[in-house]
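Okay, handing you the structure first.
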Amino acid sequence: MVAEVIVDIAHSEVDRVFDYLCGDEVCAGMRVTVPFARSVTTGIVMRVKEESELPPEKLKKIIRVLDELPALNAECLALAEKLARRYRCPKALVLRLFLPAEMRTGKVSERVKSVASLEGDIGLIPPRAKRQRELAEFLSARGEADLTALREEFGSAVKGLEERGMLHIEKRRVFRDPYERLQKSAPLRPLTPAQEDAVHTIERTQKTVTLIHGVTGSGKTEIYLTLIAHALEAGKSAIFLVPEISLTPQMFAQLRARFRMSCAILHSGLSAGERFDEWERLRSGEAKIAIGARSAVFAPLENIGVIVIDEEHDGSYSSESSPRYNTFDIAYLRAKHNGCKLVLGSATPSVETYRRAKEGEFELITLPERINRRPMPEVHLVDMRREVKRGNPSPFSAALRERLETCLEKGDQAILFLNRRGYSQTVICRDCGYVAKCEHCDVSLTYHSEENCLKCHYCGTKYHMLSACPECGGVHINYVGTGTQRVERELKKLYPEARILRMDNDTTSGKEGHLKILQRFAAKEADILVGTQMVAKGHDFPNVTLVGILDADMSLHFPDYRSGERTFQLVTQVAGRSGRAENRGEVVLQTYDPDNYILRFAASYDYEGFYEHEVGMRAAMAFPPFARIVRVMVTAEEDKLALAALKAVYEKLQRVYAEESEKFLFFNKMHAPVKRIQNKFRYQVLMRLTDGSPLPRIYEIAAEENTKEVLVYVEENPGNLS
Ligand code: ADP
Ligand code: ZN
């Protein structure tokens with residue numbers, strides 16, 4: 001037999017299959033090690049065939065077969081081929097998407113545990129050995145138990161019983177269960193009529209894709225879980241995708257309680273071993289539900305019954321490294337292949353998705369009310385210009401402070417949202433106007449009070465805080481623009497009694513960093529949670545009755561066609577954290593631009609109004625979804641090389657432009673808005689296209705010019721145009 005192998009080297013020169021001799025235990029999708037260019041490398045078997053076109057004496061043998069079961073099933077192999085073609089990137093790179101990273105490095109091992117059971121007659125234990133008798137009784141009732149747990153519970157009695165020869169101990173392979181300790185029992189509630197209808201509509205529609213547009217707290221999660229349960233009952237599997245940040249302990253507890261070990265959770269907060277085990281349980285078919293952030297869309301599942309993408313508008317569904325895939329596209333291909341439904345859910349769908357639903361391409365379900373008709377929190381718009389005039393320089397308006405005090409008195413909890421981490425956005429010399437900038441990036445530095453340093457938020461470099469201006473020697477250094485650290489400090493000054501937690505990139509590093517903070521807040525260990533957009537996503541804290549949005553304008557002024565949409569989404573999502581249980585919630589929305597239509601629509605929960613306005617504007621400006629923004633990025637450490645590559649790319653693209661100029665609404669080359677990041681100079685060719693037909697050629701040109709020194713890549717409707 002002969003195996004066609006793609007070696008795990010992501011280089012265009014070896015981007016083709018190589019033939020190797022193999023035994024009949026080898027099938028497509030298995031990982032193997034093979035001799036390659038005088039060394040040994042791993043690879044994936046794409047196909048097995050009877051014979052090669054090469055003479056047998058030219059063929060080398062596979063050294064080792066690394067899998068008993070294929071790591072990629074037939075569907076995944078075909079999908080990988082398709083993606084490699086679509087994004088013009090080496091197959092090796094695409095195949096990596098389907099494997100947990102720890103599998104490539106081969107650094108994880110199986111874990112075993114010891115299980116104990118009782119051997120012999122309890123009557124043989126003398127009555128004075130009371131603990132040993134209790135242990136024996138426990139075991140005879142339970143059958144068997146984990147040895148470590150027994151030692152914790154029964155201490156030396158375990159040893160005693162073992163010495164009597166009455167303890168049978170056995171080692172077993174176990175799958176690490178990262179959320180063991182979170183297991184709770186699941187309250188199975190009957191669906192509300194609206195939820196019931198939604199489930200029926202989705203299961204009966206002829207359309208592959210359904211969008212659930214349901215306000216925050218309308219019970220979307222329960223709909224997803226019911227659909228997943230139905231898939232399981234039908235003997236099928238399911239994929240449940242959520243933004244990374246929504247992978248909270250609450251979410252896990254709910255899922256584990258409901259589906260026990262038939263769900264596998266893939267999450268970057270897990271240890272390598274845990275993630276590997278979860279993946280392995282999916283591949284072996286022991287677990288049938290894959291839950292995770294975008295990469296879980298590549299889960300090794302067969303016979304998929306439903307795919308869910310929660311918070312479909314979330315930016316984390318677009319990959320930012322090659323291949324720059326969009327999760328929806330992959331999910332759609334898998335849904336089509338498996339003949340199953342793809343369900344999207346959001347309180348604030350992206351304009352593009354909503355348009356497709358309204359035009360009838362997707363089924364649309366609207367849930368305009370919260371569960372039990374709980375009212376949406378009332379939103380108070382506060383004009384911060386008037387606060388400044390009144391002589392209030394703090395980040396909190398009088399209206400917010402008043403409500404915060406009431407909230408604290410009642411023993412409720414509050415969330416304060418500010419989309420800027422650090423202490424101040426930057427530092428400026430008051431005498432000469434000098435702004436501290438990063439040496440490696442074309443951006444200003446952020447002051448961090450806890451470490452008393454300046455940090456670059458693009459590359460992470462830290463700098464000493466200035467004691468004097470390096471330009472003019474002046475000592476009047478101003479802190480400009482409030483960040484979460486400053487908010488926390490001011491709060492502590494104002495309310496010394498209040499317990500405050502802060503959640504931003506600086507407090508959430510490490511394993512389960514943000515999970516721990518959310519858990520503590522859920523356990524009412526704090527009164528106020530201050531944070532960046534991390535606090536906005538899908539959390540369900542019943543005691544939160546006040547949400548403060550400190551600077552609603554911040555994301556409005558991004559140089560990006562989606563900044564309005566993003567602001568609407570953020571404000572709605574954060575506001576949705578308030579008043580989710582019995583007590584009515586309130587939201588204070590602080591802005592310097594109270595007449596802004598986005599904020600007005602958000603304050604009145606008027607998604608339709610927002611959508612109509614936004615879509616009208618996009619149509620007039622020919623922005624997505626009425627056009628496609630395509631950007632070819634060219635970056636290199638050497639400016640000259642980058643510029644030369646930019647020129648080459650541009651010239652080739654000009655040929656496409658000349659042939660299909662009617663498809664181009666805009667076509668130009670320029671500096672990227674941030675000219676340098678991590679020492680790399682950045683240029684772009686920016687295009688707006690009426691449709692995607694020139695894309696294959698654009699991808700091809702980028703692939704041709706991409707070299708070791710100069711990175712050239714294509715972005716479609718990028719979430720971030722910096
Ligand atoms: P969404 O995902 O739409 O924001 P959730 O699914 O989090 O909403 O539901 C909001 C709240 O309503 C949660 O506290 C949830 O436990 C509760 N809930 C959901 N469905 C039901 C139901 N059928 N009966 C009672 N409570 C429900
Ligand atoms: Zn930097």
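The values are calculated or read from the model by the stated rules, or taken from the named source; none is laboratory data. Note that the coordinates shown come from a computational prediction; the quantities given were computed from them, not determined experimentally. Cβ placement follows ideal geometry from the backbone for every residue including glycine, while neighbour counts extend to all protein chains displayed.
Looking only at region 652-682, count how many residues are in a strand (DSSP E or B) and within 19 Å of ALA622 (Cβ to Cβ).
Filtering region 652-682 down to residues in a strand (DSSP E or B) leaves 664-677, 680-682.
Applying the additional criterion that residues be within 19 Å of ALA622 (Cβ to Cβ) yields 664-668, 670.
Counting residues in region 652-682 that are in a strand (DSSP E or B) and within 19 Å of ALA622 (Cβ to Cβ) gives 6.
Any idea how many residues of region 229-253 are hydrophobic (A, V, I, L, M, F, W, C), within 22 Å of SER346 (Cα to Cα) and part of a loop (DSSP other than H, G, I, E, B)? Working first, answer last.
First pass over region 229-253, keeping only residues hydrophobic (A, V, I, L, M, F, W, C): 229, 231-232, 234, 238-242, 245, 247, 251-253.
Within this subset, residues satisfying the condition of being within 22 Å of SER346 (Cα to Cα) are 229, 231, 238-242, 245, 247, 251-253.
The next check asks that each one be part of a loop (DSSP other than H, G, I, E, B); those that pass are 242, 247.
Number satisfying all stated conditions: 2.
With the checklist (1) of a type in the set (Ser, Thr, Tyr); (2) surrounded by fewer than 20 Cβ atoms within 10 Å (Cβ to Cβ); (3) in contact with a Lys or Arg (Cβ under 8 Å, 6 or more places away or on another chain) in hand, flag the one item SER394 doesn't pass.
Condition not satisfied by SER394: (3).
Filter region 439-456 for residues that are within 10 Å of ligand 2 (Cβ to nearest atom) and surrounded by fewer than 16 Cβ atoms within 10 Å (Cβ to Cβ) and give the result.
Correct list: GLU439 only.
Output the residues belonging to region 1-31 that are assigned to a strand (DSSP E or B) and either touching a His at 6+ places or on another chain (Cβ under 9 Å) or closer than 20 Å to LEU79 by Cα (or both). If you could, list the steps in order and put the result at the bottom.
Narrowing region 1-31 to residues assigned to a strand (DSSP E or B): 2-7, 18-21, 31.
Matches in region 1-31: ALA3, GLU4, VAL5, ILE6, VAL7, PHE18, ARG31.
Taking the condition more than 13 Å from ligand 1 (Cβ to nearest atom), surrounded by fewer than 23 Cβ atoms within 10 Å (Cβ to Cβ) and either assigned to a helix (DSSP H, G or I) or of a type in the set (Phe, Trp, Tyr) (or both), does THR226 pass?
Values: more than 13 Å from ligand 1 (Cβ to nearest atom): no; surrounded by fewer than 23 Cβ atoms within 10 Å (Cβ to Cβ): yes; either assigned to a helix (DSSP H, G or I) or of a type in the set (Phe, Trp, Tyr) (or both): yes.
Spelling it out, it is not the case that THR226 is more than 13 Å from ligand 1 (Cβ to nearest atom), surrounded by fewer than 23 Cβ atoms within 10 Å (Cβ to Cβ) and either assigned to a helix (DSSP H, G or I) or of a type in the set (Phe, Trp, Tyr) (or both).
Sticking with this structure for a sec: Anything in region 33-63 that is within 14 Å of LEU95 (Cβ to Cβ) and small (Gly, Ala, Ser)? List them, or say none. Write out each step before concluding.
Residues of region 33-63 within 14 Å of LEU95 (Cβ to Cβ): 41-47.
Hit for region 33-63 is GLY43, nothing else.
Continuing with this model, one more query. Just to confirm my filter: which strands (runs of 3 or more DSSP E) fall fully inside region 254-320 and include at least 3 residues that are surrounded by fewer than 23 Cβ atoms within 10 Å (Cβ to Cβ) and on the phi > 0 side of the Ramachandran plot? Steps first, answer last, please.
Numbers: elements: 263-266, 289-292, 304-310.
Counting at least 3 such residues, we get no strands (runs of 3 or more DSSP E) at all.
While we're on this one: Filter region 137-181 down to the residues that are modelled with pLDDT under 80 and assigned to a loop (DSSP other than H, G, I, E, B), then identify the one that is farthest from the chain's Cα centre (by Cα).
The selected residue is GLY143.
State which residue is farthest from ligand 1 (Cβ to nearest atom) when the search covers only region 352-409 and only residues that are part of a strand (DSSP E or B) and more than 30 Å from THR205 (Cα to Cα).
Initially, region 352-409 is screened for residues part of a strand (DSSP E or B), giving 363-367, 378-383.
So of that shortlist, the ones also more than 30 Å from THR205 (Cα to Cα) come out as 378-383.
Numbers: GLU378: 18, VAL379: 17, HIS380: 22, LEU381: 23, VAL382: 26, ASP383: 30 Å.
The qualifying residue farthest from ligand 1 (Cβ to nearest atom) is ASP383.
In this structure, does CYS459 turn out to be assigned to a loop (DSSP other than H, G, I, E, B) and away from ligand 2 (no atom under 16 Å from the Cβ)?
On the way: assigned to a loop (DSSP other than H, G, I, E, B): yes; away from ligand 2 (no atom under 16 Å from the Cβ): no.
When the stated conditions are applied, CYS459 does not pass them.
Sort out which residues of region 518-536 are without any contact (Cβ under 8 Å) to a residue 40 or more places away in the chain and in contact with a helix residue (DSSP H, G or I) (Cβ under 9 Å, 6 or more places away or on another chain), and write them in order of number.
GLU525
Hey, among the residues in region 525-542 that are within 16 Å of ligand 1 (Cβ to nearest atom) and surrounded by fewer than 19 Cβ atoms within 10 Å (Cβ to Cβ), which one's nearest to GLU405 (Cα to Cα)?
If we take residues in region 525-542 being within 16 Å of ligand 1 (Cβ to nearest atom) and surrounded by fewer than 19 Cβ atoms within 10 Å (Cβ to Cβ), then PRO542 is nearest to GLU405 (Cα to Cα).
A follow-up question, please. Collect the residues in region 576-620 that are more than 16 Å from ligand 1 (Cβ to nearest atom), closer than 15 Å to PRO375 by Cβ and either outside any helix (DSSP H, G or I) or without any contact (Cβ under 8 Å) to a residue 40 or more places away in the chain (or both), keeping them in residue-number order.
Step one: filter region 576-620 for residues more than 16 Å from ligand 1 (Cβ to nearest atom), giving 586, 588-604, 606, 608-620.
With closer than 15 Å to PRO375 by Cβ added as a condition, the list becomes 586, 603-604.
Passing the criteria: GLU586, SER604.
Here is a further query. Please work out if SER424 is modelled with pLDDT of 90 or more, closer than 26 Å to MET554 by Cα and of a type in the set (S, T, N, Q). Before the answer, list the steps.
On the way: modelled with pLDDT of 90 or more: no; closer than 26 Å to MET554 by Cα: yes; of a type in the set (S, T, N, Q): yes.
Judged against the criteria, SER424 is not a match.
Restricting attention to region 379-391, report how many residues are touching a residue at least 12 places away in the same chain (Cβ under 8 Å), in contact with a helix residue (DSSP H, G or I) (Cβ under 9 Å, 6 or more places away or on another chain) and surrounded by fewer than 19 Cβ atoms within 10 Å (Cβ to Cβ).
Matching residues across region 379-391 total 1.
Can you say whether MET30 is out of contact with any Lys or Arg (no Cβ under 7 Å at 6 or more places or on another chain), in contact (Cβ under 8 Å) with a residue 40 or more places away in the chain, buried (at least 21 other Cβ atoms within 10 Å of the Cβ) and not β-branched (Val, Ile, Thr), as far as the supplied structure shows? Reasoning before the result, please.
Details: out of contact with any Lys or Arg (no Cβ under 7 Å at 6 or more places or on another chain): yes; in contact (Cβ under 8 Å) with a residue 40 or more places away in the chain: yes; buried (at least 21 other Cβ atoms within 10 Å of the Cβ): yes; not β-branched (Val, Ile, Thr): yes.
The answer is yes for MET30.
Please go through (1) more than 16 Å from ligand 2 (Cβ to nearest atom); (2) not in a loop (DSSP other than H, G, I, E, B) for CYS432 and return the number of the only condition it doesn't satisfy.
It fails just one condition, (2).
Right, next: Got a number for residues in region 475-487 being exposed (fewer than 15 other Cβ atoms within 10 Å of the Cβ) and either part of a helix (DSSP H, G or I) or not hydrophobic (A, V, I, L, M, F, W, C) (or both)?
Step one: list which residues in region 475-487 are exposed (fewer than 15 other Cβ atoms within 10 Å of the Cβ), which gives 475-476, 478, 480.
Retained after the next criterion (residues that are either part of a helix (DSSP H, G or I) or not hydrophobic (A, V, I, L, M, F, W, C) (or both)): 476, 478.
So the answer is 2.
Hey, can you tell me all the residues within region 468-501 that are closer than 15 Å to VAL435 by Cβ and touching a residue at least 40 places away in the same chain (Cβ under 8 Å)?
Of everything in region 468-501, those that are closer than 15 Å to VAL435 by Cβ and touching a residue at least 40 places away in the same chain (Cβ under 8 Å) turn out to be CYS469, GLU471, CYS472, GLY474, HIS476, ILE477, ASN478, TYR479, VAL480, GLY481.
Separate question: Is region 366-378 home to any residue that is β-branched (Val, Ile, Thr), crowded, with 22+ Cβ neighbours inside 10 Å, modelled with pLDDT of 95 or more and not assigned by TED's automatic domain parsing to the domain that holds LYS537? Let's see the steps before the verdict.
So in region 366-378, the residues β-branched (Val, Ile, Thr) come out as 366, 371.
With the extra rule that they be crowded, with 22+ Cβ neighbours inside 10 Å, the set shrinks to none.
No, there is no match, as no residue in region 366-378 is β-branched (Val, Ile, Thr), crowded, with 22+ Cβ neighbours inside 10 Å, modelled with pLDDT of 95 or more and not assigned by TED's automatic domain parsing to the domain that holds LYS537.
Among the candidates SER509, SER467, which residue alone is loosely packed, with under 13 Cβ neighbours inside 10 Å and either closer than 30 Å to GLU637 by Cα or modelled with pLDDT of 90 or more (or both)? It would help to see each step written out before you state the result.
Details: SER467 fails: either closer than 30 Å to GLU637 by Cα or modelled with pLDDT of 90 or more (or both).
Among SER509, SER467, only SER509 is loosely packed, with under 13 Cβ neighbours inside 10 Å and either closer than 30 Å to GLU637 by Cα or modelled with pLDDT of 90 or more (or both).
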